[in-house]
Amino acid sequence: MEEKLRVASVGLGWVTTNRHLVTMSNNPKYEIVGVIDRRPKRAETLARERGYRHFCETDSLENVPWLDRVDAVTIGSCPPSHYPLIKSALKLGKHVLTEKPFTLTIAEGEELVDLAQEKGLTLGIVHNFQFASSTQKLLEDLQSGCFGKIKGIVASQLSNPRRRLPLWYEALPLGLFYDESPHFFYLVTRLCPGPLQFLRADIHPSTLGLVTPAVIAIQYRCDSSEHGIIPVSINMNFEATVSEWHLTVYGEHYLGDVDIFRDIYIRLPNDGLHTTKTVLRTSALATWQHWAQHFTSGIQHLTGKLRYGNEVIFERFARSVVQGSNPQDIGPEDALRVLKMQHEVIQNQTILY
């Protein structure tokens with residue numbers, strides 16, 4: 001029988017308790033040894049509720065008396081704590097899987113990547129939506145060639161400021177942008193058939209007096225030998241009345257749209273002359289695909305089994321630890337690439353007024 005990967009989870013917010021720990025509990029390759037959180041009684045309460053053997057109330061891994069009993073640490077704490085926690089874990093000889101955003105500076109990220117390599121330890125990043133079933137269906141269609149030439153890629157975020165958000169997001173560079181933009185950067189990078197070239201980032205300042213802008217519009221070009229120049233856009237509105245995240249690919253023959261929050265993929269054929277017939281066809285296909293998948297994804301959501309690709313993340317991480325390798329698509333270089341894309345926007349932003 002293969003030995004389980006013994007893990008401690010640090011930072012017991014919503015993502016750790018509802019995604020990381022649940023996913024590991026359902027994977028036979030993992031053994032959750034204990035949980036760690038700096039807030040009073042948080043780790044103890046969760047450990048008693050779920051039957052974890054150990055817990056610790058601290059913000060420093062050096063203070064955890066039972067850490068010698070674990071092989072790896074998962075980190076889901078606030079972003080400013082990622083760098084010191086990852087560094088401590090690596091120095092203590094632990095493999096690390098961390099939530100995004102990786103770190104607050106490129107220098108910090110590069111230091112951690114070098115340290116993991118020096119120590120011979122696995123370092124992974126939770127870039128999960130690329131493994132959601134909806135995104136995987138889009139990738140399969142793109143790989144089949146049924147879209148024909150790709151004409152454009154657009155990632156769109158509408159975010160209602162009243163939705164459930166972490167308390168600390170306003171302390172980050174450009175606020176909520178810094179916490180949530182990694183999802184869109186790794187998604188468009190995964191979809192693009194060639195290298196991305198940054199063009200511009202336009203900022204509409206907050207109308208609410210926040211650090212988080214009202215709107216960020218980012219433009220790229222993707223150069224592909226097969227498809228030519230592909231315009232790529234990431235549009236993020238942080239003062240919307242609804243919360244919707246979408247990833248859309250425009251091809252010669254089809255449009256493909258991933259509804260990220262609902263884990264739904266819709267593929268629509270070219271509507272040609274946009275006649276009554278093709279308009280009705282688009283409506284029928286979009287409606288049918290949406291509700292058919294709403295039923296399947298909805299059941300998973302209601303039963304707590306909709307993991308948005310986290311199951312793939314944790315499976316790859318465990319396998320990479322055993323193999324002594326970096327996990328594919330979620331390794332240190334992937335974390336660093338997205339981190340650099342974040343800072344490319346921050347350093348080159350144009351504030352419109």
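The values are calculated or read from the model by the stated rules, or taken from the named source; none is laboratory data. Because the structure is a prediction, the values reported are computed rather than measured. Every residue, glycine among them, receives a Cβ derived from its backbone with ideal geometry; neighbour counts consider all protein chains shown.
Yes/no per residue for (1) at pLDDT 95 or above; (2) closer than 24 Å to His20 by Cβ:
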{"residue": "Ile266", "(1), (2)": "yes, no"}
{"residue": "His301", "(1), (2)": "no, yes"}
{"residue": "Gly304", "(1), (2)": "no, yes"}
{"residue": "Glu311", "(1), (2)": "yes, yes"}
{"residue": "Glu315", "(1), (2)": "yes, yes"}
{"residue": "Gly331", "(1), (2)": "yes, yes"}
{"residue": "Thr350", "(1), (2)": "yes, no"}
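Quick one: what pairs do we get from segment 61-77, first residue touching a residue at least 40 places away in the same chain (Cβ under 8 Å), second polar (S, T, N, Q) and in a loop (DSSP other than H, G, I, E, B), C-beta under 7 Å, 6+ apart or different chains?
Val64/Thr58
Given the criterion in contact (Cβ under 8 Å) with a residue 40 or more places away in the chain, of a type in the set (Gly, Ala, Ser), farther than 18 Å from Gly256 by Cβ and assigned by TED's automatic domain parsing to the domain that holds Asp257, identify the matching residue among Ala116, Ala155, Ala171. Reasoning before the result, please.
On the way: Ala116 fails: assigned by TED's automatic domain parsing to the domain that holds Asp257; Ala155 fails: farther than 18 Å from Gly256 by Cβ.
Only one candidate qualifies: Ala171.
Tally the residues that are in a loop (DSSP other than H, G, I, E, B) and either among the hydroxyl-bearing types (Ser, Thr, Tyr) or exposed (fewer than 15 other Cβ atoms within 10 Å of the Cβ) (or both), restricting the search to segment 235-260. Reasoning before the result, please.
Let us first name the residues in segment 235-260 that are in a loop (DSSP other than H, G, I, E, B), namely 238-243, 252-253, 260.
When the remaining residues are screened for being either among the hydroxyl-bearing types (Ser, Thr, Tyr) or exposed (fewer than 15 other Cβ atoms within 10 Å of the Cβ) (or both), the result is 241-243, 252-253.
Counting residues in segment 235-260 that are in a loop (DSSP other than H, G, I, E, B) and either among the hydroxyl-bearing types (Ser, Thr, Tyr) or exposed (fewer than 15 other Cβ atoms within 10 Å of the Cβ) (or both) gives 5.
Restricting attention to segment 129-164, report how many residues are farther than 24 Å from Gln349 by Cα and surrounded by fewer than 21 Cβ atoms within 10 Å (Cβ to Cβ). Before the answer, list the steps.
First, pick out the residues of segment 129-164 that are farther than 24 Å from Gln349 by Cα: 129-151, 162-164.
Filter once more, so that each one left must be surrounded by fewer than 21 Cβ atoms within 10 Å (Cβ to Cβ): 133, 136-137, 139-146, 148-149, 151, 162-164.
Residues flagged as farther than 24 Å from Gln349 by Cα and surrounded by fewer than 21 Cβ atoms within 10 Å (Cβ to Cβ) within segment 129-164 amount to 17.
Among the residues of segment 100-110, is any surrounded by 15 or more Cβ atoms within 10 Å (Cβ to Cβ) and part of a strand (DSSP E or B)?
Going through segment 100-110, the residues surrounded by 15 or more Cβ atoms within 10 Å (Cβ to Cβ) turn out to be 100-104, 106, 108-110.
Subsequent filtering for residues that are part of a strand (DSSP E or B) retains none.
No, segment 100-110 contains no residue that is surrounded by 15 or more Cβ atoms within 10 Å (Cβ to Cβ) and part of a strand (DSSP E or B).
Restricting the search to segment 32-58, which residues are assigned to a loop (DSSP other than H, G, I, E, B), charged (D, E, K, R) and under 25 Å from Ala318 (Cα atoms)? Write out each step before concluding.
Residues of segment 32-58 that are assigned to a loop (DSSP other than H, G, I, E, B), as a first pass: 38-41, 51-53, 58.
Next cut, charged (D, E, K, R) only: 38-39, 41, 53.
Residue satisfying the conditions is Arg53 alone.
Select from segment 177-192 the residues that are in contact (Cβ under 8 Å) with a residue 60 or more places away in the chain and either assigned to a loop (DSSP other than H, G, I, E, B) or in contact with an Asp or Glu (Cβ under 8 Å, 6 or more places away or on another chain) (or both) and write down the one among them that is surrounded by the fewest Cβ atoms within 10 Å (Cβ to Cβ).
Here the answer is Arg190.
Six or more apart or on different chains, Cβ atoms under 7 Å: show the pairs whose first residue is in segment 304-329 and of a type in the set (Ser, Thr, Tyr) and whose second is assigned to a helix (DSSP H, G or I).
That search, which allows pairs on different chains as well, returns Tyr308/Phe129.
Would you please name the residue that is farthest from Leu97 (Cα to Cα), looking only at residues in segment 1-45 that are of a type in the set (A, V, I, L, M, F, W, C) and over 24 Å from the mean Cα position of the chain (by Cα)? Please lay out each step first, then the result.
So the first thing to find is which residues in segment 1-45 are of a type in the set (A, V, I, L, M, F, W, C), and the list is 1, 5, 7-8, 10, 12, 14-15, 21-22, 24, 32-33, 35-36, 43.
This time we only want the ones that are over 24 Å from the mean Cα position of the chain (by Cα), so: 1, 33, 43.
On the way: Met1: 24, Val33: 15, Ala43: 19 Å.
Out of the qualifying residues, it is Met1.
Kindly provide the set of residues from segment 19-31 that are assigned to a helix (DSSP H, G or I), touching a residue at least 40 places away in the same chain (Cβ under 8 Å) and either touching a strand residue (DSSP E or B) at 6+ places or on another chain (Cβ under 9 Å) or not hydrophobic (A, V, I, L, M, F, W, C) (or both), ordered by number.
First, the residues of segment 19-31 that are assigned to a helix (DSSP H, G or I): 19-25.
With touching a residue at least 40 places away in the same chain (Cβ under 8 Å) added as a condition, the list becomes 19-20, 22-24.
Of everything in segment 19-31, those that are assigned to a helix (DSSP H, G or I), touching a residue at least 40 places away in the same chain (Cβ under 8 Å) and either touching a strand residue (DSSP E or B) at 6+ places or on another chain (Cβ under 9 Å) or not hydrophobic (A, V, I, L, M, F, W, C) (or both) turn out to be Arg19, His20, Thr23, Met24.
Report whether or not Gly175 is in contact with a helix residue (DSSP H, G or I) (Cβ under 9 Å, 6 or more places away or on another chain), closer than 16 Å to Phe238 by Cβ and not acidic (Asp, Glu). Show your work before the answer.
On the way: in contact with a helix residue (DSSP H, G or I) (Cβ under 9 Å, 6 or more places away or on another chain): yes; closer than 16 Å to Phe238 by Cβ: yes; not acidic (Asp, Glu): yes.
So Gly175 fits the description; yes.
Quickly run through segment 117-157 and pick out the residues that are touching a strand residue (DSSP E or B) at 6+ places or on another chain (Cβ under 8 Å), among the hydroxyl-bearing types (Ser, Thr, Tyr) and either over 25 Å from Glu180 (Cα atoms) or part of a helix (DSSP H, G or I) (or both).
Within segment 117-157, Ser133, Ser134, Thr135 qualify.
Filter segment 66-81 down to the residues that are part of a helix (DSSP H, G or I) and closer than 15 Å to Asp37 by Cβ, then identify the one that is farthest from the chain's Cα centre (by Cα). Let's see the steps before the verdict.
Restricting attention to segment 66-81, the residues satisfying the condition of being part of a helix (DSSP H, G or I) are 67-69, 79-81.
Cutting the leftovers down to closer than 15 Å to Asp37 by Cβ gives us 67, 81.
Details: Leu67: 27, Ser81: 18 Å.
So, considering only residues that are part of a helix (DSSP H, G or I) and closer than 15 Å to Asp37 by Cβ, the one farthest from the chain's Cα centre (by Cα) is Leu67.
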